[in-house]
1. Go through (1) assigned to a loop (DSSP other than H, G, I, E, B); (2) open to solvent by less than 20 Å² (accessible area, probe 1.4 Å) and name the single condition LEU128 misses.
2. I'd like to verify a number: residues in the range 160-197 that are in a strand (DSSP E or B) and of a type in the set (S, T, N, Q), how many?
3. Quick check on my filter: what residues within the range 90-122 are modelled with pLDDT of 95 or more and either acidic (Asp, Glu) or buried (at least 22 other Cβ atoms within 10 Å of the Cβ) (or both)?
4. Kindly check whether there is at least one residue in the range 286-303 that is farther than 27 Å from GLU226 by Cβ and open to solvent by 30 Å² or more (accessible area, probe 1.4 Å).
5. Here's a check for you: in the range 279-329, which residue that is hydroxyl-bearing (Ser, Thr, Tyr) and in contact with a Gly (Cβ under 9 Å, 6 or more places away or on another chain) is farthest from ASP222 (Cα to Cα)?
6. Please count how many residues of the range 213-263 are more than 18 Å from PRO325 (Cβ to Cβ) and either open to solvent by 40 Å² or more (accessible area, probe 1.4 Å) or in contact with a strand residue (DSSP E or B) (Cβ under 6 Å, 6 or more places away or on another chain) (or both).
7. Test HIS322 against the criterion of being open to solvent by 30 Å² or more (accessible area, probe 1.4 Å) and modelled with pLDDT of 95 or more, and give yes or no.
8. For residues that are crowded, with 23+ Cβ neighbours inside 10 Å and touching a strand residue (DSSP E or B) at 6+ places or on another chain (Cβ under 8 Å), tally how many sit in the range 162-181.
Amino acid sequence: MSSARPPSDRQVRRQAQSLTDRARAQQGTAGSSKRLWLIVIGAAVVIGAVVGILLATRSSSPPTGVPDAGSGSLSLQTVVKIPAASAVVRGDGGAWVTDDLRNLLIRFDPATGKTRSTRHLAGRPVALVLAHGDLWVASMITNTVDEISPASLKVLASVSVPTGPSGLAVLNGRIWVTSVIGNTLTSIDPVTAKAGPPITLSAGAVRVAAGFGALWVTGTSDEVTEVQPSVGSSQTRTYPITTGSGPIGVATGAGAVWVANAVSGTVVSINPTTRQITHTYKTGGDPLDLTVAQGRVWLADGSTDHLGVLYPATNLGPITLHGTPRGLLTDGSGVWVATANPGRIYSASLVNGG
């Protein structure tokens, strides 16, 4: 267990890009196989030792009917205090969070924050989804996705995936995992707990969101990749879209695909039909993660540790999280936020004014 302060998601992403570029460069030289293998092993150790980087119908553009927040304000409550929260999910009357400093999966009461049970996961768990009645946890050190019982926290299956699993999503009845070092997207059958053949993405694979009948993957280049998984005999189709410098956070909803560009300090909305950027929001700072809750886009910034509503435009000021945001979870009209330094699960909501 490490007590050192984890680097920011931007630093993690840059580290991943540097390692990927080095690995690719080695492929064209003499003795490349051996050197590439050593680099990949080193990449898994480095990325694993740092903090992990954390469904709808087609619509042509963001809707205009979402009401403005008016003179309201944002409210923030602390739900859970732990050393480092890397991912959180809620459902079926329960809630779960991964702590990747202590390598724990924690089940807690969503109303009181009280811990109900814990499970040690040795591989540094960084991503988490609740799907098909079970929890699915991606661990960077062991390069696995574990299927876990939500009630007992018993590990039901462990699925090997390409190096550096970093993001999870659910689409077409399957679990999908991005691998930041492997530059791949891999599907898992939740019935058999078997992985399908990995899909290599030239733009890299860090985080993933499902929506508009496709998967949207941010990578280690300045692109997001739309992936349309194969159905029947058809082949998987991929469409890279240039978004800005350092895309990392990605979400779908409110008629668009939303991508947070951590290096350029921007967020873009993308029309999922035309794959064209419809608007660029100059946020500044270090936009890391976003999610959509009842037509509103929430954005977390890693340089200021602020959380706010990006879309639609409001007169709301952001709120301070007192920790580095690592993941957002839609919770009704509000969001839950997982942070590190210190580790917290926050519940944020919009409170209407008079």
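The values are calculated or read from the model by the stated rules, or taken from the named source; none is laboratory data. Given the structure is predicted, the values throughout are model-derived calculations rather than measurements. Every residue, glycine among them, receives a Cβ derived from its backbone with ideal geometry; neighbour counts consider all protein chains shown. Ligands, DNA and RNA are stripped out before the accessible areas are found, and what is left, the full protein with its side chains, is counted by its heavy atoms. Shrake-Rupley method; radii C 1.70, N 1.55, O 1.52, S 1.80 Å.
1. Unmet condition: (1).
2. Going through the range 160-197 one residue at a time, the tally reaches 7.
3. Passing the criteria: ALA95, TRP96, VAL97, THR98, ASP99, ASP100, LEU105, PHE108, ASP109, LEU121.
4. There is at least one residue in the range 286-303 that is farther than 27 Å from GLU226 by Cβ and open to solvent by 30 Å² or more (accessible area, probe 1.4 Å).
5. By that ranking, first place goes to THR314.
6. 33
7. no
8. 12
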